[in-house]
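Before any comments, here is the structure.
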Amino acid sequence: MSLPAVAPHVVADAVAALPARLRSKLDQALEKQPTWTITTSDAGATITIDDRVTVTLTTPVDTADRAACNCLLAPRCLHRAAVLSAAPVLTAHPHHAAATGSDVATAEAVVTTEANPAAPAATADERAAATQVRDVVAQILEHGVAGAGAVAQADLLRAIHQARTIGLPRLATAATRVVEQLRAARRSAPGFRLADLTEDLREALIVSHLLSEGIGDPRAARGTSRRGYGPAGDLHLYGLCTEPLRTTTGHVGAVSYLTDGDSTIWSLAQARPGDGDTARNAAQASVNLGDVTISHRELVRAGIIVVNAHASVDRRLSHGRTVQAVRTTGRTWHEEPADTLWRQPIPEQAARWLNAFEVAPHERPAGHDLAFLDGVLAADQRGLLLQTAQLPGPVIVLAPHDDPVLPYVANLRLLAAHVTGMPVRMIGRFHGPRQVHGLAVAAPWLSDRFGGHVDLGVDQLQRADLPGAETTEPSGSNQPQPPLHLLTHHLQRVVAAGRAALVPDVDRDVRALLDAQLPTAASVLRELRRAGHRRSRDAFGRLNQQDSTALAVAWLTAAAYQYAAATAVTAESWQSNRGREVDDNAHRAGGRAWQPSA
């Protein structure tokens, strides 16, 4: 059972109302969350803390009176604040029309509120809201994940509420993702990735800076709210592949990708609260689309006609009641319309992926990051490789998740050990410079029991399914990459441990970046270290808040450079005609990287 979502300001007010002695115990109370008993109903949820204390949440939890505790200290009690701090963040306002789908990623979608066409400059209230988010994020960078407990998260939730109230959806969305990532990190959720939290913090700081300094297009800085579902017409879809879905909010499920006659990619997702075992079997669970009840695994091997389809702006299909559907015969990847996806040149596919980063995450179309590759499998010390005719060197195939509950790693190891030298057709997800996460493969030597292709995160390959083959050495040059990972390493260390992480190894890595002819990278890292060592006090002996702001500015400068340089390196690595050195390209892109003013 999971807790119902709670509006940000309700959490913030509950934490602010606690006496100082109880506020200091809030994180300890949250550590006992696994012992709570949660009973849900249509009206909300009842959380049993122990034999005597229960907290009741009435949905939607958008006001303080919808969260009650039966203890003597209520409402200024630790139990109520802990439950509210553990609940997901409510992303829809009660007066907005909710989406009709059951997918957790869009179930709380709201109707779009377009920015003013005149795009006026940021108002004083908008600049104040942006500054409020920046100051809280600066404190998170000051102390790292370990210091970003429930109190710090409540401060950020209050800033999120303010951003929503005055119409800054891009800022509110970025900050909400930061809260979700921090909660996942502190409870050691399997789906947490430090790189994702680093990226979300970068986005929150960039939007704050654009608004507070009045830089760039105000319309883009404000953003648009997540859209609900709208009519998409009648669709004849054919399955491509499915993969397990694990979110930082504790939900597991599956997402399936389908294509229509125009080779447009659509997705159908379903997620529910669950653990690792649930994730392994999620693709076998039934999903309803109109009158059709079918599992994800069956769906991606079949065809389906959808009448009166509804979808979000990112082409995520709705399970709504008005949708009608009928199952038809599926087609293989080597038949139309799927075959067209593999005929698109790889550099164009990579450009499609990189260009999608220019829009908000909830507006990126389904499948924007999918790579459709033909080639021959190989293996070396890096693991499984795919040699294609379009690229001078091999593509490294990685596992999207290393959790042993999912079969990704085991399947890739089997392919690397027994199928090298054999042709395959693969669907992957672009991950970095000539790297993909392997999602599914099809080949003529596959057993018929897989129905045409293997979903690497769902299907379990056996040795008997694979032909024996001799190991082949990959051909083609392996262009060395600039050592941007040194800068990435320090950015992530600050996120994890705060200012203290900038003490060791910085000088050594600055010299390594200079030796690699990346002076801009060395300069931003040197400035980050300088800001990390800067500590001053005001007239009353308190640590100066300006030092935390300076650290945030230096961190954002380095993060902006790293993002621009890494994007240039990645784009170049997917080009079939390498007309210039990757290091020079990265250096030029990094030198042009936007740098915020102090």
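Quick notes
- Contact order normalised by residue count of the chain, Cα under 8 Å, 6+ apart, percent: 11 percent
- Compared with the alpha-carbon gap, the fully stretched path from residue 535 to residue 327 is longer by 68.3 nm at 0.36 nm per residue.
- The residues of the chain expose on average 43 square angstrom of accessible surface per residue, using a 1.4 Å probe on protein heavy atoms.
- Cα gyration tensor, segment 169-324 - rounded (a/c under 1.5), prolate or oblate: oblate
- Charge context of residue 411, other residues only, Cβ under 11 angstrom, K/R +1, D/E -1: -2
- Where labels lie 7 Å past Cα in the beta-carbon direction, separation of residue 21 and residue 380 in nm: 6.5 nm
- Positive-pole candidate from 71, 194, 146, dipole of the chain, charges at beta carbon: 71
- Cα-centre dipole for the chain with unit charges at Cβ (Lys and Arg positive, Asp and Glu negative), debye to 20: 1460 debye
- When peptides 552-561, 131-140, 40-49, 482-491 are ranked by their average number of other Cβ atoms within 10 Å per residue, the highest-first order is 552-561, 131-140, 482-491, 40-49.
- Convex hull (Cα only) mean projected area of segment 331-387, reported in nm² to one decimal: 5.4 nm²
- Label point distance in nm, residue 146-residue 234, each placed 7 Å from Cα along Cα→Cβ: 6.3 nm
- Of the residues 130, 371, 231, the one whose Cα sits farthest toward the positive end of the charge dipole of the chain, with +1 on the Cβ of Lys and Arg and -1 on the Cβ of Asp and Glu, is 130.
- Over all pairs of different C-alpha atoms in the chain, the reciprocal of the mean inverse distance, the Kirkwood hydrodynamic radius, equals 25.8 Å.
- Taking a point 7 Å from the Cα of residue 262 along the Cα-to-Cβ direction, the residues of segment 221-252 with backbone N closer than 19 Å to it are 229-240.
- Taking the centroid of alpha carbons for each part, segment 156-224 and segment 535-566 are 18 Å apart.
- Here the chain exposes an accessible surface that is 51 percent carbon and sulfur, computed with a 1.4 Å probe and the other protein chains kept in place.
- Amide N of segment 39-61 lying under 13 Å from the label point, which is placed 7 angstrom from the Cα of residue 74 along Cα→Cβ: 45-50, 52-58
- Multiplying the residue separation of residue 460 and residue 576 by 0.36 nm and removing their Cα-Cα distance gives an extension gain of 38.4 nm.
- Full extension of the chain between residue 127 and residue 272 gives 48.4 nm of extra length, using 0.36 nm per residue less the Cα-Cα distance.
- Packing, as the average of other Cβ atoms within 10 Å across residues, places the peptides 155-164, 448-457 in the order 155-164, 448-457, highest first.
- Ranked by the mean number of other Cβ atoms within 10 Å per residue, highest first, peptides 122-129, 397-404 order as 397-404, 122-129.
The values are calculated or read from the model by the stated rules, or taken from the named source; none is laboratory data. Predicted, not measured: the structure shown is a model, and the values here were computed from it. Quick reminder, even Gly has a Cβ in these numbers, built from the backbone with ideal geometry, and neighbours come from all protein chains shown. Just the protein is used for accessible areas: all its heavy atoms, side chains included, with ligands, DNA and RNA removed. Shrake-Rupley method; radii C 1.70, N 1.55, O 1.52, S 1.80 Å.
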